[in-house]
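Trainee: This is the structure I want to talk about, given as C-alpha cells.
The values are calculated or read from the model by the stated rules, or taken from the named source; none is laboratory data. In this text the structure is predicted, and so the values were computed from the model without any measurement. No Cβ is skipped: glycine too gets one built from the backbone with ideal geometry, and neighbour counts run over all protein chains shown. We work out accessible area using only protein heavy atoms, side chains counted, and drop any ligands, DNA or RNA first. Shrake-Rupley method; radii C 1.70, N 1.55, O 1.52, S 1.80 Å.
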Amino acid sequence: MKRRLCCRHCRLPIRSDRAGPDLFCCYGCRLAYRIVGEQGEGGEAAFLLARLALGALLSMNIMTFSLLLYAKAIPREVIPSFHLLLFLLATPLLFLLGAPFFRGLLQESRALSFGMDTLIALGAGAAYFYSTFAWLAGREGVYFDTGTMILVLVTLGRFLEATARAQAADGIRRLLSMTPLTAAVLVGEMEIRKPAEAVERGELIRVRPGEQIPVDGEVIEGASLEAISVDESMLTGEARPVEKRAGDRVYAATVNGEAPLKIRAVAPLADSLFRQMISLMEKAQQARGEMAQLADRVSSVFVPWVLLCAAGTALFWWRRAGGPAALFNALAVLLVACPCALGLATPMVISVGIGRAAREGILIRSSRVFEVLPKVTSIFFDKTGTLTEGKPLLCSILLPRRGTVGPAPLLTVGASLAQLSEHALARSLVAAGIQQRVSLCRVVEFRNCPGLGAAGRVQRDGDAKWVWIGSRRWMEENGLVFDPLLKAQSARAASEGKSLVFCGWEGAVQGCFVFADRLRAESREAVSLLQRQGLSLHLLSGDQPGAAEEIGRQLPGCAVHAERLPHEKCEEIRRTKKKGAAVAMVGDGINDAAALAAADVGIAIGSGSDIAKETADVGLVQTDLRKIAWLIRFSRQAFRTMKQNLFWAFFYNVIGVGLAMAGLLQPILAALAMILSSLLVIWNSLRLRAIRNE
C-alpha cells in the first residue's frame, strides 16, 4: 500500500507530484511552520522576519501619506481623515514592532540602567502619543512616520543579527552530525554495536576500512599489519593520509584507510578533540561586537541626558508660558532626539558595504566585519587548500645515476601499478600519467600493503615482471637496492616536506616520484599586497615543518607555524590577540573552523568546506586571495564612513536638542531636519559604491 503524504503544517494530504523535500503543500504552510514551529535561533529569525515584513508594509503606507501632508498636497478639509488613517496604520505597528522595546524600557527602568531600548521606546512612543494628541486636538502637526521609521530600522538590524546566529547554529549542528552514530565495541570475541556517545574509556573498538573512527583512541596490535593509513584531513587539512602504528593516537571523525583497525578508547566522544573543536567555535561565536558595546555605553549617558533635558525644558516653559507650551517643547526635545540618523548611520554603511563587496565576489556574513577588519594587524593563513592548491601533484621524477629506465617508462610502469590502489598519492600518480598520455599496462597478481606500498606483475612489451611501488621501507623489506645518488636526492626532497613514492623491479629501485602541494598562482601577489598594508602575516599548518617551511620560503615575510592541530591553531591566535593585536584567519577546511571562529574575523575561501563557510564572517566566492587586500582597504573606508555618520548623527541630536529646549525648533522643523540628516547619512554611505578594485 502506497504511503500517504501529508503537509507538515496543516496535515492535509499532498499529491506526490507536488510534495517538496520539506513536505509542505504550499508556501503559506512553509512560512507558517517556520514562524510557529521552528525552534531555536532559526525560529527567532523567522518570527522577526514575519513581524518586519508586516511592519515595513504598514510603514511604507505611513511614509507615503505623511509625505503628502508635508508637501501640502492634501485639501485642508481632508486632513483629519488622513490623520485618522495614519493613526490606524501606526497603532498596530507600534504594538507589533515596539513591544520588545517597551518591555526593555520597563526592565531598564527597574534596573536604573538605560540603554538603546529606552531611547527607541521613548522616541517612538513620544512621536506616537504626541501625534495622537495633536490629531485629537485638531492640530495639523502629526509625526507618526517618525516613530514607525525608528522601529522598522532597528527591527531590521535585529533580524540580521538573528539570521547570522541561526546560520552559525546550523553550521555547528551540521558539524556535530558528521561524527559516527555507532561504534563496533569488542567484548571478548563478540562485536556489539552501541551508540558512539556511550563508548567508555578503555573499551576496544573495531573500525573497518573506510569507516569513521568513533572516539579518540590508541592503535593496538590486532591485524598483522605494522602500519595503517588514516585520513585526518578533517582535523589537519592535509591531503595525504597519515601512517599509524601500534601505540599511535587516532581521533574521532577521522576516516580509516584500507585495512581493519583496532583501537582502545582513551576518552569518551564528549571529550574528543573533534568535540573540543566544536566547543571552541561555540565560545568564540558568543562574543559581542565592539560597536554594540559602544552603543550601550553611549546610550547609558545619552538617554538620561535627553530625559533630563526634556524634564528641564518642561519645567522651564511651564513657569514661563504655561502647560501647553511646556508639553509642546518637551515633546519637541524627545522628537528631535529620536535616533533616525543614528539608526541609519551604521546599518546603511553595512547594507551598501555588503552589496559592494558582493560585486567583488565577497560574501559578508557578519556586520561586525566592518567594525573589526579595519583594526586587524595580523593575518593567519591555513596552508593546505588556502595558500596552496591542496592536492599532491607530481613535481619531479628522480632517477639513479646509472639508471636503465627513463622518466616516461618509469611513469608508465608506476601509474599502471598505482591504478589498482586507493591511496591518495597513487591516485595523483595515475592522474599524472593520464595527463602525460602514457599507455597504462595490464597488472596481474596485485598485492596491497596499507601504509607501506603495493606490488604486482606488470605486463609490458610482452613481458611480465614483478614491480614494487611505495615507501622507502617497502623497498628495503623487499630487497631492492638504492643507488647512492637517488638515496641522497630523495632524502633532500623528504627534508623539504615533499612526499616520495619509490618504484623498483629486478632487485633495484629504478626511480622516485616526488609529490608536492603547489602554491596558488595568486598567493605571492596577495601576500605582497597585504604586507604593503602593514599587516603581519602568519602561516598555520598541520603538516610537517619541512613542508610548511618550503611554502614559507616561497612567501617571504610569513612566519611559519607547523604541526598545529585545530586547538593549537586557536592557541596561536589567542597568544597573538593577548599581545593586543586584532587577528584575521583565512582557511578552507573543517579543521580551520575553530580557528576561524576564534579569530576576530574569519575568512573562508570559495573551495572550502560548508562548515568553514558557515563559521567564517567572510566568504570568498572564488579562490582569489588578492580579494582580501581589497576587502581590508574597503572595510577601512567603510569604517571611516561609519564614524562620519555617527558623528553627524550625534552632532545633529545635540544641536537639535539645544534648539528644541530654547523653543526655537517646532516639531515640523524637527521632522524636516531629521529627514535632511537621514538623507545626508544615506548619501555619505552610498559613496562607498564608487570604490573600485585597483
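Trainee: Which order, highest average first, do 656-662, 306-312 follow once you tally other Cβ atoms within 10 Å for each residue and take the mean per peptide? List each step's numbers first, then the result.
Mentor: Numbers: 656-662: 19.3, 306-312: 16.7.
Top to bottom by mean Cβ count within 10 Å: 656-662, 306-312.
Trainee: Please list, by residue number, everything in the stretch 503-518 whose backbone N is under 18 Å from a paramagnetic label point 7 Å out along Cα→Cβ of Arg427.
Mentor: It comes to 515-518, nothing else.
Trainee: Let me ask something else. Probe radius 1.4 Å, ligands and nucleic acids left out: which of Thr377, Thr148 has the largest accessible area, and how do the rest follow?
Mentor: Highest to lowest solvent-accessible surface, that is Thr377, Thr148.
Trainee: Also, quick follow-up: Just to verify a number: what accessible area does Thr64 come out at with the full protein assembly present, 1.4 Å probe, Å² rounded to tens?
Mentor: Counting only protein heavy atoms, the figure is 80 Å².
Trainee: Taking amide hydrogens as modeled 1.01 Å from N in the peptide plane, which residues meet the under 5 Å criterion relative to Asp248, leaving out close sequence neighbours?
Mentor: Correct list: Val219.
Trainee: Here's another thing I want to ask about it. Quick check on my link table: of Lys391/Lys498; Lys569/Lys627; Lys578/Lys627; Lys375/Lys627, which ones sit more than 20 Å apart, alpha carbon to alpha carbon?
Mentor: Values: Lys391/Lys498 12 Å; Lys569/Lys627 23 Å; Lys578/Lys627 28 Å; Lys375/Lys627 17 Å.
As for pairs spanning more than 20 Å Cα to Cα, those are Lys569/Lys627; Lys578/Lys627.
Trainee: Here is a further query. For His567, His538, write out the residues from largest to smallest accessible area, computed with a 1.4 angstrom probe and no ligands counted.
Mentor: Reading off the accessible areas and sorting them downward yields His567, His538.
Trainee: Mind listing which GluC sites (Glu not before Pro) in the stretch 482-579 are in a DSSP loop and have 16 or fewer other Cβ atoms within 10 Å?
Mentor: Values: sites: Glu496, Glu506, Glu522, Glu525, Glu549, Glu550, Glu563, Glu568, Glu571, Glu572; in loops: Glu496, Glu506, Glu522, Glu563.
Counting only loop positions with at most 16 other Cβ atoms within 10 Å, the GluC sites (Glu not before Pro) in the stretch 482-579 are Glu496, Glu506, Glu522, Glu563.
Trainee: For Ser396, Ser635, give the ranking by accessible area with the largest first, probe 1.4 Å. Each step should come with its number before you reach the end.
Mentor: Details: Ser396 45, Ser635 0 Å².
Heavy-atom accessible area, descending, gives Ser396, Ser635.
Trainee: Would you mind calculating the gained length between Ala73 and Lys194 on full extension (0.36 nm times residue separation, minus the Cα-Cα distance), in nm to one decimal? Write down the numbers at each step before the final one.
Mentor: Values: separation 121, 0.36 × 121 = 43.56 nm, distance 7.61 nm.
So the extension gain works out to 35.9 nm.
Trainee: Right, something else. Nearest 0.05, what FRET efficiency do Glu477 and Leu181 give at R0 = 30 Å with Cβ-Cβ as r?
Mentor: It comes out at approximately 0.15.
Trainee: Give the peptides 401-407, 627-633, 80-86 in descending order of average Cβ contacts within 10 Å, highest first.
Mentor: On the way: 401-407: 12.4, 627-633: 21.1, 80-86: 15.7.
Peptide ranking by packing, descending: 627-633, 80-86, 401-407.
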